[in-house]
Amino acid sequence: YVAAVYEHESILSPNPTALVDRQTALELMGRNLDIYQQQVVAAAGQGAQIIVFPEDGIHGFNFTRSSIYPYLDFVLHSHSVKWNPCREPYLFNDTEVLQRLSCMALENKIFLVANLGTKQPCEHADPHCPSDGRYQFNTNVAFNDDGMLVATYRKHNLYFEYAFDSPPEPDYKLFDTPFAGRFGMFTCFDILFFEPAVSLIKQYNLKQIVYPTAWMNQLPLLSAVEFQQAFATAFNVNILAANIHHPTLGMTGSGIYTPVKSFIYHNMESYGGKLIVAEIPVITTDFETNLEKTPRRVSEKGNEQLLPLFYAEMMYDNFTFVPVWGEKGELQVCANTLCCYLNYQKAVVTDELYALGVFDGLHTVHGTYYVQACALVKCGGLSFSTCGQEVTDASALIGFQLWGNMSTSYIFPLLLTSSITLDFADHMGWKNNHYFISKNRTSSGLLTAALYGRWYEKD
């Protein structure tokens, strides 16, 4: 099928904490919706059957609970009401944004997914009801090609979003399409947690995901395109991921991903939005990952590795590292219960410093979640203290096998190359209670090759 995602440089309120009236809020959102409309027309013109827009793209961010209120549309989160906002605009008050989105879908005969702020009054008898008598949600809406509202999803894992409430229970939201079957949806930070993202995929055996996000890149392990790709690979799904474009805030990175191919956009240099349109296969069955190549065991004699262990902070976590010196070698490094092993051969030897790092513990900065990671990374400079820094360029071409005795089955294989481009592993999967990823030779300079494990039970 043909899918489209739009990385949007949103027009932001100059003062998001100021209190404005509904009309002023609608004017600002209308400017963003005008851009959406042009992109829907362009995507439909290229044959797209579905288009996805980013999180916060219509209203922006950095609001307070009260300052965002005029920007919120009313949405009934109920399955029982069938509603077409374009055809039935007068059914509910404060639905101007929904009406415009619905009409874009209807007029262009395209499925459309967008993110907006929504409100819902609640009774004080409801134990979860906020003191101001209303819920405010970060909401994805999906419209079919007739403009019908077919699904609403309220973001569960909020990322310092004080203007919004988390729904009392996680939403599992799906919609059906004639061209690719059933789609599920979740938003941004949700991708790192079991609920609802993993739960949704497993419960409904989903193969298609729409994913609005406003993601601030964090190298070396959590740049947007790197993790989106890893997620598609780990769960054998297609992901249509639309990010916001604000390079000054470190926000870029969108794409259309299949488990074996990606169409991505990552651009920290220029401004303006970017439409990606790609034809991708509908995934119908689980293909088996190729496990022929057994990782060779690091020899047990124990005298091969006389390399210094060192510690450095990476992604705010205290990693244990060993340097990756020389043209080739076999290394291991352990922390807690996790041991990571690396065989490597540098096809192009450079004077860059690489290191193999391990972390097995609770990550506690910008969210709390348990990580098991084995990571081969390029360091920022030539001293050990630079390992774990954000690096965007590399020239060493490396062939490697990386494996670890992971305690979780949820492992995201990361493979990031110079200038934030993606590469694909030759082989990956489980072998002898170890998860491995291997590559004969990277297509360009290696930035990160990692196994990023999420041990959800220990969150």
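The values are calculated or read from the model by the stated rules, or taken from the named source; none is laboratory data. Here the structure is a predicted model, which means the values were calculated and not measured. Positions of Cβ are backbone-derived with ideal geometry, glycine not excepted, and every protein chain shown enters the neighbour counts. Calculation scope for accessible area: heavy atoms of the full protein, side chains included, ligands and nucleic acids excluded. Shrake-Rupley method; radii C 1.70, N 1.55, O 1.52, S 1.80 Å.
In the range 120-144, what count of residues is obtained for those that are surrounded by fewer than 20 Cβ atoms within 10 Å (Cβ to Cβ) and out of contact with any Pro (no Cβ under 8 Å at 6 or more places or on another chain)? Residues that pass the stated criteria total 11. Exactly one residue out of Gln228, Gln203 is open to solvent by 10 Å² or more (accessible area, probe 1.4 Å) and either touching a Phe, Trp or Tyr at 6+ places or on another chain (Cβ under 9 Å) or not in a strand (DSSP E or B) (or both), and it is Gln203. Has the range 97-108 got any residue that is in a loop (DSSP other than H, G, I, E, B), at pLDDT 95 or above and in the same structural domain as Ile239 (by the TED database)? No.
Got a sec? Which strands (runs of 3 or more DSSP E) wholly within the range 267-329 have at least 1 residues that are at pLDDT 95 or above and under 30 Å from Val349 (Cβ atoms)? By residue number, 310-314, 317-324. Scanning the range 79-106 for residues that are in contact (Cβ under 8 Å) with a residue 60 or more places away in the chain and surrounded by 15 or more Cβ atoms within 10 Å (Cβ to Cβ) yields Trp83, Asn84, Pro85, Cys86, Asp94, Glu96, Val97, Arg100, Leu101, Met104, Ala105.
Could you check the range 403-455 and list, in sequence order, the residues that are within 22 Å of Ser262 (Cα to Cα), part of a loop (DSSP other than H, G, I, E, B) and open to solvent by 40 Å² or more (accessible area, probe 1.4 Å)?
Within the range 403-455, the first condition is being within 22 Å of Ser262 (Cα to Cα), and the residues that meet it are 410-429, 436-453.
When the remaining residues are screened for being part of a loop (DSSP other than H, G, I, E, B), the result is 410, 418-420, 423-426, 440-445.
Selection gives Ser419, Phe424, Asp426, Asn440, Arg441, Ser443.
For the range 184-195, the tally of residues that are in contact (Cβ under 8 Å) with a residue 60 or more places away in the chain and either more than 11 Å from Pro212 (Cβ to Cβ) or in a strand (DSSP E or B) (or both) stands at 5. Taking residues in the range 252-281 that are in the same structural domain as Ala234 (by the TED database) and farther than 24 Å from Gln38 by Cβ, and partners anywhere that are among the β-branched types (Val, Ile, Thr) and part of a strand (DSSP E or B), the pairs with Cβ atoms closer than 8 Å and at least 6 places apart or on different chains are Tyr257/Ile239; Tyr257/Ile264; Ser262/Ile256.
Looking at Phe183, is it within 28 Å of Ala3 (Cα to Cα), crowded, with 21+ Cβ neighbours inside 10 Å and not hydroxyl-bearing (Ser, Thr, Tyr)? It is true that Phe183 is within 28 Å of Ala3 (Cα to Cα), crowded, with 21+ Cβ neighbours inside 10 Å and not hydroxyl-bearing (Ser, Thr, Tyr).
Would you say Phe74 is among the hydrophobic types (A, V, I, L, M, F, W, C), surrounded by fewer than 18 Cβ atoms within 10 Å (Cβ to Cβ), touching a Phe, Trp or Tyr at 6+ places or on another chain (Cβ under 6 Å) and at pLDDT 95 or above?
So Phe74 passes the test.
Within the range 109-119, the residues that satisfy the criterion of being under 26 Å from Arg182 (Cβ atoms) and either open to solvent by 50 Å² or more (accessible area, probe 1.4 Å) or part of a strand (DSSP E or B) (or both) are Lys109, Phe111, Leu112, Val113, Ala114, Asn115, Leu116, Thr118. Specify the residue that is surrounded by the most Cβ atoms within 10 Å (Cβ to Cβ); the eligible residues are those in the range 231-248 that are under 20 Å from Asp426 (Cβ atoms) and in contact (Cβ under 8 Å) with a residue 40 or more places away in the chain. Ranking the candidates gives Thr233 first. Among residues of the range 125-153 that are of a type in the set (Gly, Ala, Ser), those with a Cβ under 6 angstrom from a residue that is open to solvent by 40 Å² or more (accessible area, probe 1.4 Å), sequence gap 6+ or separate chain, pair up as Ala142/Val150.
Residues that are polar (S, T, N, Q), more than 23 Å from the chain's Cα centre (by Cα) and assigned to a loop (DSSP other than H, G, I, E, B) within the range 365-402 comprise Ser383, Ser395, listed in sequence order.
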